[in-house]
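The values are calculated or read from the model by the stated rules, or taken from the named source; none is laboratory data. Bear in mind that the values here come from a model prediction, so they are computed numbers and not experimental data. Glycine gets a Cβ as well: all are built from the backbone with ideal geometry, and neighbour counts include every protein chain shown. Heavy atoms of the whole protein, side chains included, go into the accessibility calculation; ligands, DNA and RNA do not. Shrake-Rupley method; radii C 1.70, N 1.55, O 1.52, S 1.80 Å.
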Amino acid sequence: GMRGGAEFVLETGTEKIAAHLRTLRQEFIKGLKSIPSVKIAGSTNCEKTSAIVSLNIGAVPSSEISLLLDEEYGIATRPGAHCAPRLHEALGTKEQGLVRFSFSFFNTLDEIAKTLEILETVPKDFHNTQFRLDAKALNVSFSHSPNVQLTGNLWLPSFATAFYANIAGLTRKSASEK
């Protein structure tokens, strides 16, 4: 628990931990800069920042990137607005959100390299296969979100489709069939 964590920090030393985190962040940012479709949010100065890097890939929703990284590669990231809606307004990422990578002392340079290889394969206009739902025919109540108004056709990203496809018995359509 907390005691074990404190003992680890005292035994390892904050200087060693900070140096490792700086190295991870530096290598990650250096690699990201070579991927044309990646836009890094925030400072790329590795000396005075934490081991967190936020980014976007083209116009791909942050939730789609995080889902892909998690489901296909076992890489945990956090998508969205990160409880900072005004910051996202200022950055122009309110709709897209950001993908946040948070490194720890236990991450390795090999993991950074593999993540960069994976990010290079995500095209800037990537969109997972989606299901086309006719909201009028679906007739589903979204009681958990009373402010949502559904009219016409609704496009759901792939992570939400499994549930809705099961209730509606829908057929799969690719993004090119919109």
- Are there trypsin sites (Lys or Arg not before Pro) in the stretch 1-81 that DSSP puts in a loop and that have at most 15 other Cβ atoms within 10 Å, and which ones? K33, K48
- Straight distance only, please: which aspartates and glutamates reach the Cα of K39 with their own Cα at less than 19 Å, same-chain residues fewer than 8 apart left out? E27, E64, E89, E95, E117, E120, D125
- Note on the structure: Order by accessible surface, 1.4 Å probe, largest leading, for residues D70, D110 comes to D110, D70
- Item | Charge tally in the Cβ shell below 14 Å around C46, where Lys, Arg are +1 and Asp, Glu are -1, C46 excluded | +3
- Quick one: how many Å² of E47 are accessible to a 1.4 Å probe, rounded to 10? 120
- Give, rounded to the nearest 20 debye, the magnitude of the charge dipole that the stretch 1-104 has about its Cα centre when Lys and Arg contribute +1 at Cβ and Asp and Glu contribute -1 at Cβ. 380
